[in-house]
Each structure stands twice: as C-alpha cells, then as structure tokens.
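Read through the structure below, which is laid out as structure tokens, and then see the notes.
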Amino acid sequence: MTWKATVLTLFPEMFPGPLGLSLAGKALIDGLWNIEAIDIRDFAHDKHRSVDDTPAGGGAGMVMRADIAAAAIDAARTSAPAGSPAIYLSPRGMPLTQLRVQALAKGPGVIMLCGRFEGLDQRVLDARDIEEVSIGDYVLSGGEVAAQVLMDACVRLLPGVVGNAGTHDEESFAAGLLEYPHYTRPREWEGHVIPDVLLSGDHEKIARWRREQAEALTKVRRPDLWERRGKPQT
Ligand code: SAH
C-alpha cells in the first residue's frame, strides 16, 4: 500500500506545491507516495459556500465551523488508507519531533486538517479523535505550510525516496544529537581549511571526531536535547 497524505484545506491549489519538486516530487511521480487535497469548501451547504462564522463569546476573527470540518474529515477517512491518523496542524499541538515523523512514515499515511482564520470549533476536535500537532512555537496564517513541513519530513523517510538510506542514521536528531559539520572541496577556501582529521583516511578517528563535534554542538545549542538524551522520547 502506498503511503498517502490526505490534506483538508481551503486552498487545494497549494498542493503538492514544493513537494512536487526535487526528491519528493520525483518520488510522487514514481508512485512512492500519494497525495489527495480535499477542498473543505466542497462540504459547505449555503450558496456562498461559507465555512466559518463569528466566534461564540465574541472577539476578533472567524472560526471554522464544526459541522463542515467534520463532514470533510469523515470524507477523508473514507478515502484515506485505513489506520491513517487525523492531525490538525495547530500551534496548540504537541511539537512535531523526528521520532513522531518516523512513526508516521512507517504507517499507512496521514490525514491533515489545515486551519485558517482563528482556528477550528473545538467540538470537532473532541468528537472526531483528531490530534493537534504543532511545527513550532510561532503562529502561521494557515495550516497548509505546516502540513507541507510534516509531509516533507515523512516522505523523505519512505523507502526509495532518498538514494542512500544510510543518510538517515547520522542526521540531526537521529541519535538525539545535532549533526556534525560538513566540508567539501576545495581543501582551502578564503584561508579556511578542512579539518586535518577528515583528510586522514582514518575512519575510526573521523567517526570519533564527528561524534565529539555533534555532542559539543548539541550541548551548546540545544541543552534541552542534550538533557533528554538516552531517556524515553515522544
Ligand atoms: N488563533 C490560533 C492561531 C490560528 S493561525 C491560536 O492562537 O492558537 C491559523 C491556522 O494556522 C491554525 O488553525 C493552524 O492550522 C495553522 N497554524 C498556525 N501556526 C501553526 C503552527 N505553529 N503549527 C501548525 N499549524 C499552525
């Protein structure tokens, strides 16, 4: 069964967007994954096809209606592979981690609901078993870019998408560490040289140096990651 991304959005023309290019785009053409963008507006029932209304209790902005979002989710659940989790991209969600991405990439696919306006009527989240996932502590204008982030992170882990799968074992977060620095030719550039050890041909020494670099970088830049190392992750 092909891994499938089902996206519920008011802007289906935003998809596949950047995922139609480069590695993900080639993998899409090769049938290594699949995407369906469903227009939430198709589930509106009035002649203006409206999907939002003013917030109960007052305040700024508009809120996406529960009945319409639920109809869209129900339709997505019938066309998505069985067992695909439904995720609402939301700044209130649990922050996305590489561990979660790995789990999602191993599954059948993912249903993603992209919010707009102030957000979504809470009742649909409670009634439809939808998990909120955030891509970081900042506010976007809509969930589409967040959905693309989630998809990109998953698709590159699917078998056959990235040529050398060994790449995944050493990259940032794989072992709870940031990645070591990279260098390539020329050996000297503007007076800066490639560290000698990398040109030594001694693979053990190189591995040790990379490990030390990764640890030093993680300690300084991400003390939170460093603290969590070796502990059960979510
Ligand atoms: N009023 C909301 C923000 C709404 S932003 C709040 O304060 O929590 C509009 C939409 O953008 C949201 O419904 C969500 O789908 C998306 N979005 C914004 N920031 C996001 C983030 N950090 N991660 C994932 N989705 C986000």
Result of the Cβ filter at 6 Å on region 75-103, keeping first residues that are more than 22 Å from T2 (Cβ to Cβ) and partners that are more than 15 Å from the ligand (Cβ to nearest atom) and open to solvent by 30 Å² or more (accessible area, probe 1.4 Å), at least 6 apart or interchain, is Q98/F173; L99/Q233
Hey, does region 111-124 have a residue that's away from the ligand (no atom under 15 Å from the Cβ), assigned to a loop (DSSP other than H, G, I, E, B), modelled with pLDDT under 95 and over 28 Å from L23 (Cβ atoms)? no
Residue selected from region 83-95 under the condition under 21 Å from N34 (Cβ atoms) and open to solvent by 30 Å² or more (accessible area, probe 1.4 Å), by the criterion farthest from the ligand (Cβ to nearest atom): G83
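Could you tell me whether region 130-149 includes any residue that is assigned to a strand (DSSP E or B), on the phi < 0 side of the Ramachandran plot and open to solvent by 20 Å² or more (accessible area, probe 1.4 Å)?
Here is the first cut: in region 130-149, the ones assigned to a strand (DSSP E or B) are 131-134.
Now narrow it down to the ones that are on the phi < 0 side of the Ramachandran plot: 131-134.
Now drop any that are not open to solvent by 20 Å² or more (accessible area, probe 1.4 Å), which leaves 131-132.
Yes: one or more hits.
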Just checking, does region 83-106 include any residue being out of contact with any Asp or Glu (no Cβ under 8 Å at 6 or more places or on another chain) and farther than 30 Å from G176 by Cα? no
Kindly evaluate G201 against the criterion of being touching a helix residue (DSSP H, G or I) at 6+ places or on another chain (Cβ under 8 Å) and surrounded by fewer than 16 Cβ atoms within 10 Å (Cβ to Cβ). no
Tell me which residues, restricted to region 13-37, are out of contact with any helix residue (DSSP H, G or I) (no Cβ under 9 Å at 6 or more places or on another chain) and open to solvent by less than 60 Å² (accessible area, probe 1.4 Å). G31
Residue tally, condition at pLDDT 95 or above, under 30 Å from L99 (Cβ atoms) and among the small types (G, A, S), over region 176-208: 1
From A214, A153, residue being closer than 30 Å to L10 by Cβ and part of a helix (DSSP H, G or I): A153
Output for Cβ contacts, cut-off 7 Å, separation at least six or different chains, first residue without any contact (Cβ under 8 Å) to a residue 24 or more places away in the chain in region 6-26, second crowded, with 17+ Cβ neighbours inside 10 Å, reads P16/L28; P16/I35; G20/L28; G25/L19
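Please go through region 125-147 and give me each residue that is β-branched (V, I, T), over 15 Å from the mean Cα position of the chain (by Cα) and within 8 Å of the ligand (Cβ to nearest atom), ordered by number.
Passing the criteria: only V139.
The values are calculated or read from the model by the stated rules, or taken from the named source; none is laboratory data. Note that the structure is predicted; figures quoted are calculated from it, not measured. Methodologically, a virtual Cβ is constructed for each residue, glycine included, from the backbone with ideal geometry; neighbour enumeration extends over all protein chains shown. Side chains are part of the model used for accessible areas, which takes the heavy atoms of the whole protein and leaves out ligands, DNA and RNA. Shrake-Rupley method; radii C 1.70, N 1.55, O 1.52, S 1.80 Å.
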